[in-house]
Amino acid sequence: MAARPLRSPSRKAWSSSRSARRRRSSARKGIGPLAYTPGYPTYEEGKAIAQFATKEFGDNAFALCDTSIDYGTEICEGFKESLSQFGGKLIGSETFNGLKDTSLASQVTAIQSAGEADYVMLGSYPPGGPNALRQIRAAGRQRPRRVHRDNQL
């Protein structure tokens, strides 16, 4: 029995986000063709959140997206792009940098002035996510929130 030839590991892009695939592709150039990053399919997670939140909380959504790493950006892309297919409507969206922004006053004002959002989808992680949630609550927002990952309510 002859040995099989050695094959390189799969480099399947976990996200269907075009911008994320471009970033990963350009990042591999400096370290060789066999580099790959296993991870969560964040775009699909955003899509699943849109399906769940529309069913559980209502149709009108506001998205608050952490841009400090690809995770927050991709999860929000999946959420925003698929919301309408589940009968939802995006009534507003804001971004922040969870590692640098300590005050989210302008984002919280945008949430309050966007109208009657049934929920706020917060695509973030600690420390930015809990900080954003604390400021949203301090502003009097008492409607349901779907916060992804460690900050689930």
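Identification of strands (runs of 3 or more DSSP E) wholly contained in the stretch 52-153 with 1 or more residues that are within 18 Å of the chain's Cα centre (by Cα) and modelled with pLDDT of 90 or more yields 60-66, 89-96, 119-123.
Within the stretch 91-119, residues that are within 19 Å of ALA50 (Cα to Cα) sit with their Cβ atoms under 7 Å from residues that are acidic (Asp, Glu), at 6+ positions apart or across chains, in these pairs: ASP118/ASP59. Residue check, ALA35 against (1) small (Gly, Ala, Ser); (2) part of a strand (DSSP E or B); (3) at pLDDT below 85, all met but one. Which one? Failed condition: (2). Exactly one residue among PHE57, PHE79, PHE96 is surrounded by fewer than 21 Cβ atoms within 10 Å (Cβ to Cβ) and either touching a Leu at 6+ places or on another chain (Cβ under 8 Å) or farther than 15 Å from GLN135 by Cβ (or both), and that residue is PHE57.
The values are calculated or read from the model by the stated rules, or taken from the named source; none is laboratory data. From a predicted model like this one, the values you see are computed outputs, not experimental measurements. Note that we place each Cβ from the backbone using ideal geometry, even for glycine, and neighbour counts take in every protein chain shown.
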